[in-house]
Amino acid sequence: MDHFAYRGGVLHAEDVPLTRIAEAVGTPVYVYSSATLTRHAEVFRNGLRGAGRVHLAYAIKANPNLAVLRVLAKAGYGADVVSGGELMRALAAGIPAGDIVFSGVGKTRSELEQALAAGLGQFNLELEEEGQVLAAIAHAQGLTANATLRVNPDVDAGTHAKISTGRAENKFGVAVDQAPAIFDRLAALPGLNLRGIATHIGSQLGDLAPLEAAYRRMGVLLAELRARGHRIDRVDLGGGLGVPYRPTDVMPSPAEFGAMVARVTGGWDVELMFEPGRVIAGNAGVLLTRVIWVKPGTVHPYVIVDAAMNDLARPALYDAYHEFVSVSPSGAKMVTNIAGPVCESGDTFAIGREIDAVASGDLAVFRTAGAYGATMASTYNSRALVPEVLVDGDRFAVVADRIEPATILAAEHLPEWLAR
């Protein structure tokens with residue numbers, strides 16, 4: 001459920017008509033619903049009530065906007081970060097350092113030092129050398145770093161190849177058959193408290209079977225590590241639960257996910273850690289855009305909108321589907337292609353799709369754009385960086401400015417030999 005609905009023939013975000021936001025901020029613009037973020041956070045938490053001790057760390061990469069993070073911090077969520085920059089955002093949003101998990105396959109030495117200095121709650125180690133370096137840094141500073149070892153269970157998540165992370169050939173984690181020996185060696189290092197294992201097999205999962213298979217492999221590994229004398233008190237089971245992008249999509253609910261987790265992990269006697277991202281933020285946002293032209297085409301007309309692939313990259317990257325609806329629909333329909341103004345054929349959002357009939361100047365939205373939307377935006381073609389708005393009831397605020405081309409240009413400099 002989200003809080004984007006039609007009232008009086010106009011699409012609203014909670015109690016704010018999107019026409020009002022377009023008039024005040026311009027387009028394109030991302031619009032997020034506080035009520036939807038809060039509700040999704042609550043529903044996900046409630047789905048895991050039967051799973052015992054649980055720690056929830058929102059995956060910041062899905063949507064790192066500071067205001068979004070503050071909403072989720074107030075909902076009691078920690079954070080899963082994959083860079084020093086995301087760590088800064090989590091702390092700035094008021095998320096306690098002890099509730100932050102540092103994932104990611106390429107943490108630099110300076111990022112490890114930054115996280116240690118902040119008092120980070122958990123490092124998810126991706127390889128043995130990373131653990132050795134972290135242990136040495138911590139020991140030299142008289143600190144102890146809490147960590148888990150990320151394991152690649154060699155399970156195909158059944159999702160898009162570019163967001164699958166749990167197969168043997170993927171870059172993440174250590175091979176499950178090598179994990180016990182690596183764990184033995186790292187657990188012996190001063191400066192490191194290796195207290196658990198972690199896994200994450202992919203994003204936008206629409207089937208619980210791959211997750212269950214991965215979790216069962218983690219259960220086998222957990223038992224083996226305990227048999228070798230290791231004390232394990234936490235297991236990080238990652239995230240990846242999918243959301244419906246099409247009206248016909250049916251995805252596992254958090255309650256169904258939680259029931260599976262409880263069934264598989266019963267008796268583990270650990271704190272279970274989760275890193276939800278898309279399932280919290282995806283349907284909490286839309287990309288509001290305005291039609292520039294309706295251009296005749298050889299097969300279908302092209303609806304050219306002012307949002308482009310630099311604003312919403314998922315269709316160009318993954319052939320992803322985003323529902324496109326008019327803000328003030330007339331009831332008429334048309335079959336068309338939808339594209340942006342960027343000078344690439346890849347800047348196309350849909351081909352031959354039936355949509356609400358629109359004309360030049362009309363407002364429309366790409367739905368389910370709250371995750372992996374603004375966070376992946378760029379200034380390609382020297383376009384402005386898209387702004388973001390947060391709605392709360394009948395009020396809204398710009399929570400990320402539109403960064404204009406002139407501002408971006410001012411950050412660039414000619415070398416002395418070209419300036420003359």
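Throughout, read-outs are computed from the coordinates displayed, never taken from laboratory work. Treat the numbers as computed from the prediction; the structure is a model and nothing was measured. For neighbour counting, all protein chains shown are included, and Cβ atoms are generated from backbone atoms with ideal geometry for every residue, glycine included.
Side notes on the structure shown:
- Directionally averaged projected area (segment 346-420, Cα convex hull): 8.9 nm².
- Put simply, the convex hull of the Cα atoms in segment 28-159 casts, on average, a shadow of 10.1 nm².
- For segment 99-148: relative contact order, % (alpha-carbon pairs under 8 angstrom, 6 or more apart): 41
- Its alpha carbons considered, segment 273-420 gives a radius of gyration followed by a Dmax of 17.5, 61 Å.
- Diffusion coefficient, µm² s⁻¹, Stokes-Einstein with Kirkwood Rh over alpha-carbon pairs of segment 179-247 at 25 °C and 0.890 mPa s: 180
- Calculated mean residue ellipticity, 222 nm, the chain: -8500 deg cm²/dmol, from DSSP H runs (n ≥ 4) at -39500 (n - 2.57) each, averaged per residue and rounded to 500.
- Its Cα gyration tensor gives the chain an equivalent ellipsoid; the semi-axes, largest first and in whole Å, are 40, 25, 20.
- Normalising the average separation of contacting C-alpha pairs (under 8 angstrom, six or more residues apart) by the number of residues puts the relative contact order of the chain at 20 percent.
- The overall shape of segment 1-85, judged from the alpha-carbon gyration tensor, is oblate: a/c is not under 1.5, and a/b is no greater than b/c.
- Shown here for segment 24-111: trypsin sites (Lys or Arg not before Pro) in loop regions (DSSP other than H, G, I, E, B) with at most 15 other Cβ atoms within 10 Å, namely 53.
- Around the amide H of residue 58, modelled in the peptide plane, lie the amide H atoms of 78, 79, 80, all under 5 Å away and 5 or more residues distant in sequence or on another chain.
- Lysine pairs within the chain, Cα separation less than 18 Å, 8 or more sequence positions apart or different chains: 6
- Using Cβ point charges alone (K and R +1, D and E -1), the dipole size of the chain about the Cα centre works out to roughly 440 debye.
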